[in-house]
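Inspection log for the structure reproduced underneath, given as structure tokens.
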2 protein chains.
Amino acid sequence: MKKGQVTITDLAKELNVSPSTISRALNNSPFISEERKKVIMDLAKKMNYSPNQLALSLLNKRTKILGVVVPEITSYYFSTAINGIQDKVGSSGYKLMISQSNESFEEEIRLMEAMALVRVDGFLISPSSNTTTFDHFEKIKSSGFPLVVFDRDCLGFEADKVVVDDYSGAFQAVEYLVKTGCKRIAHIGGAASLSTTQHRKMGYLDALAKNNVSIVDELIINGEDSSSESGVTCMLSLLNLEVIPDAVFCYNDAIAIGAMSVIRERGIQIPEEISLVGFDDEPYSSYFKPSLTSVWQPIYDLGLLSAKILLDNLMADNESSSYRYEVLKPELMIRESSKKLPI
Amino acid sequence: MKKGQVTITDLAKELNVSPSTISRALNNSPFISEERKKVIMDLAKKMNYSPNQLALSLLNKRTKILGVVVPEITSYYFSTAINGIQDKVGSSGYKLMISQSNESFEEEIRLMEAMALVRVDGFLISPSSNTTTFDHFEKIKSSGFPLVVFDRDCLGFEADKVVVDDYSGAFQAVEYLVKTGCKRIAHIGGAASLSTTQHRKMGYLDALAKNNVSIVDELIINGEDSSSESGVTCMLSLLNLEVIPDAVFCYNDAIAIGAMSVIRERGIQIPEEISLVGFDDEPYSSYFKPSLTSVWQPIYDLGLLSAKILLDNLMADNESSSYRYEVLKPELMIRESSKKLPI
DNA sequence: TTTGATTATGCAAACCTTTGCATAAGACTA
DNA sequence: TAGTCTTATGCAAAGGTTTGCATAATCAAA
């Protein structure tokens, strides 16, 4: 906001008319004579006038700013979702206020409060892995802010939600491993509190059960987080088992990449001795050697749809009482790190 | 901004005092009796009052919002820079309005204009690869917005700038290749208009010249962009040469990864037959097989420093006439895709 | 000429907060 | 008792814009 900003009053003084006349002319009101309109518009252009959004926001009670909070910006996953959000939102004149919680519950609260203070028109939230209570969401919601939760579900909190069917993705992946002949299929999980972690594990367990593969506790490891480093650590302990697994289904690609490097170092062949499957299908995954079989997620669409729902809520000012729950379908991308199906 | 927001006037009515008294009490003015202060503060807390930032911004002529425009959010590179920016800025109560230009000049202008309208307090800009004129920057600057350009330099436009010494990074990398015995060192460049592309090529050329390695035109290819796909295409044409190179210095890791996959497919050994060096040191680069030698950039610090300079400008309201030009030093990370130095 | 209709414009309030200036009440001094 | 000084509070303006209502000016019709 700059000192020299020309205001509607400046224009008014210049032409010796009242500010209201200027305002009406600029908004093309029918009550202003055409000639005057022209004079005013020309002057506005000449003096480089643009209306002060702050004043407008104050008046209209909306800022045309949307608050976005994600666990981290740096990950391909969330930045792609943001990409989708921006593409949806850009054309409708909404701006994005983006922040990352760094997977911190407290930070998430702090950020959302700050955004509420700025009076964003609504929220798009992907909760941190340490968010287990949702009072802050309730508070925001009951203050009248529309809010859409995306990617990570919050059990027990009612709101519009857009998620990926992690269960199905995991199920597909593990069933595929079974069908290619794997018998001892391990799982390296992500942060325990995340809905995604739980759903993927569920998919893993159910796929084993359905296909009559016994579930072995020692083959299931929960990583600290979802980093490549965690993949390294967990894979090391899997390789220390008396009988090592013949397949590993990882919570995500980062973990799988870490695991891959450990397996390679030990001189174990992928996929002949151990099949490896990731989740997320990050852009580099296909360039790895062997290229990584992974579950692709429609994460861009996830952002797009979340934004669309929020925008819809913003249009329809009558609060609808029911919430939308959208589930997008992931897809298994088969590459070299897993065996071929027997024909 | 919600209907039910409680204002200072609501508090005033409740207690039958004037809004000014409320305001003073809340701001701990010495002209209000202690007992009344207490009553007011308690009520404010009880009614969940928080001051309307919009009204404050209008009054104070500042929003405490910073505008950030990057070419793309999805890349590890820029999201890490944003990371640094947020970490610097968060504690001082500034919020970030972030957008990506998608490497489009027009979009960059549009975004900056929208942000100017919202009256952000300042700009942090990394120009798109198609930005070759800087009138829009000049306009923003002359409207009184402080502006810091980071990562990509704009020749001919004066402003505070924070960049990485691409020249030095490239020089180090190529000199290292020479010292490990490479004689036919190719270069795959990025988008032609970028300062980074030019500087890295310069570093490449000068390193060759200084070490008396002849510069061969057919070994220098300018990619369309800086994607892995471009790496694939360019590497293919390098492998079609009568005499193929014994080393390739790539504009960035994405290109190098694409190149690596092509080289592997042909059954050519890395680094024995071809050494490969990237730039950016993306997190997965060390997990590739062979792990990728790359030039690490202090990109987080780049964001941090850019934000610091902007904040400094915001504090010091007297416009300093000279601009800061900060150059950060990159560092060569030697891994398996390049040969060892002879001892 | 007066009335009524039409057209173009201005006033003031509203959005919310802060702050310089004015003022009321009360206490103290001469 | 009148005058002065404190102390606590309120008024109103400012920041920029929109908009309902009022009004001035013009013209046509009776």
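Suppose we keep only residues that are in contact with an Asp or Glu (Cβ under 8 Å, 6 or more places away or on another chain) and open to solvent by 50 Å² or more (accessible area, probe 1.4 Å) within the stretch A:51-78. Which one would you say is nearest to DNA strand C (Cβ to nearest atom)? Filtering the stretch A:51-78 for residues that are in contact with an Asp or Glu (Cβ under 8 Å, 6 or more places away or on another chain) and open to solvent by 50 Å² or more (accessible area, probe 1.4 Å), the one nearest to DNA strand C (Cβ to nearest atom) comes out as A:62.
Suppose we filter the stretch B:270-285 for residues that are within 13 Å of chain A (Cβ to nearest Cβ) and over 29 Å from the mean Cα position of the chain (by Cα); how many remain?
Step one: list which residues in the stretch B:270-285 are within 13 Å of chain A (Cβ to nearest Cβ), which gives B:270, B:276, B:278, B:280, B:282-285.
If we keep only those that are over 29 Å from the mean Cα position of the chain (by Cα) as well, we get B:270.
Result for the stretch B:270-285: 1.
Among the residues of the stretch A:196-227, those that are open to solvent by less than 10 Å² (accessible area, probe 1.4 Å) and either of a type in the set (Ser, Thr, Tyr) or out of contact with any helix residue (DSSP H, G or I) (no Cβ under 7 Å at 6 or more places or on another chain) (or both) comprise A:196, A:197, A:204, A:219. Of the helices (runs of 4 or more DSSP H) lying entirely inside the stretch A:30-129, the ones with 2 or more residues being within 11 Å of another protein chain (Cβ to nearest Cβ) and closer than 27 Å to residue B:59 by Cβ are found at A:53-60, A:105-118. Only one entry of B:299, B:263, B:257, B:268 meets the criterion of being under 16 Å from residue B:185 (Cβ atoms), in contact with a helix residue (DSSP H, G or I) (Cβ under 7 Å, 6 or more places away or on another chain) and either open to solvent by less than 30 Å² (accessible area, probe 1.4 Å) or not acidic (Asp, Glu) (or both), and that entry is B:263. The single condition from (1) under 20 Å from residue A:67 (Cβ atoms); (2) at pLDDT 90 or above that residue B:76 fails is (1). Looking at the stretch A:148-170 only, could you name the residues that are open to solvent by 10 Å² or more (accessible area, probe 1.4 Å) and either under 15 Å from residue A:294 (Cβ atoms) or within 14 Å of chain B (Cβ to nearest Cβ) (or both)? A:168, the sole residue that qualifies.
Filtering the stretch B:257-283 to residues that are over 20 Å from residue B:227 (Cα atoms) and not basic (Lys, Arg) leaves B:267, B:268, B:269, B:270, B:271, B:272, B:273, B:274.
Looking for something at positive phi and near DNA strand C (Cβ under 8 Å from one of its atoms) - is there at least one such residue anywhere in the stretch A:18-25?
In the first step, residues of the stretch A:18-25 are kept if they are at positive phi; the result is none.
For the stretch A:18-25, residues at positive phi and near DNA strand C (Cβ under 8 Å from one of its atoms): absent.
Checked against (1) surrounded by 21 or more Cβ atoms within 10 Å (Cβ to Cβ); (2) at positive phi, residue A:111 passes all but condition (2). Does the stretch A:134-142 include one or more residues that are surrounded by fewer than 21 Cβ atoms within 10 Å (Cβ to Cβ), more than 8 Å from chain B (Cβ to nearest Cβ) and not in a helix (DSSP H, G or I)? Yes, the stretch A:134-142 has at least one match.
Quick check, is residue A:34 more than 8 Å from DNA strand C (Cβ to nearest atom) and of a type in the set (D, E, K, R)?
Working: more than 8 Å from DNA strand C (Cβ to nearest atom): no; of a type in the set (D, E, K, R): yes.
For residue A:34, the condition - more than 8 Å from DNA strand C (Cβ to nearest atom) and of a type in the set (D, E, K, R) - is not met.
In the stretch A:45-57, is there at least one residue being more than 7 Å from DNA strand D (Cβ to nearest atom), in contact with a helix residue (DSSP H, G or I) (Cβ under 7 Å, 6 or more places away or on another chain) and more than 30 Å from residue A:88 (Cα to Cα)? Checked the stretch A:45-57: at least one residue is more than 7 Å from DNA strand D (Cβ to nearest atom), in contact with a helix residue (DSSP H, G or I) (Cβ under 7 Å, 6 or more places away or on another chain) and more than 30 Å from residue A:88 (Cα to Cα).
Going residue by residue through the stretch B:262-280, is there one that turns out to be in contact with a Ser or Thr (Cβ under 8 Å, 6 or more places away or on another chain) and either charged (D, E, K, R) or at pLDDT below 95 (or both)?
yes
This table checks each residue for (1) without any contact (Cβ under 8 Å) to a residue 40 or more places away in the chain; (2) in a helix (DSSP H, G or I); (3) more than 21 Å from residue B:335 (Cα to Cα); (4) in contact with a Cys (Cβ under 8 Å, 6 or more places away or on another chain).
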site: B:163; (1), (2), (3), (4): no, no, yes, no
site: B:174; (1), (2), (3), (4): no, yes, no, no
site: B:188; (1), (2), (3), (4): no, no, no, yes
site: B:192; (1), (2), (3), (4): yes, no, yes, no
site: B:202; (1), (2), (3), (4): yes, yes, yes, no
site: B:209; (1), (2), (3), (4): yes, yes, yes, no
site: B:215; (1), (2), (3), (4): yes, no, yes, no
site: B:235; (1), (2), (3), (4): no, yes, no, no
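Checked against (1) over 30 Å from residue B:146 (Cα atoms); (2) crowded, with 20+ Cβ neighbours inside 10 Å, residue B:336 passes all but a single condition, namely (2).
Summed over the stretch A:292-343, residues that are among the hydrophobic types (A, V, I, L, M, F, W, C), modelled with pLDDT of 95 or more and outside any helix (DSSP H, G or I) total 8. Does the stretch A:12-26 contain any residue that is more than 7 Å from DNA strand D (Cβ to nearest atom), free of Cβ contacts under 8 Å to residues at least 24 places away in the same chain, within 41 Å of the chain's Cα centre (by Cα) and exposed (fewer than 15 other Cβ atoms within 10 Å of the Cβ)? Scanning the stretch A:12-26, I find no residue that is more than 7 Å from DNA strand D (Cβ to nearest atom), free of Cβ contacts under 8 Å to residues at least 24 places away in the same chain, within 41 Å of the chain's Cα centre (by Cα) and exposed (fewer than 15 other Cβ atoms within 10 Å of the Cβ), so the answer is no.
The values are calculated or read from the model by the stated rules, or taken from the named source; none is laboratory data. Note that this is a predicted model, so its numbers are computed, not measured. Quick reminder, even Gly has a Cβ in these numbers, built from the backbone with ideal geometry, and neighbours come from all protein chains shown. Ligands, DNA and RNA are excluded from the accessible area calculation, which covers all protein heavy atoms including side chains. Shrake-Rupley method; radii C 1.70, N 1.55, O 1.52, S 1.80 Å.
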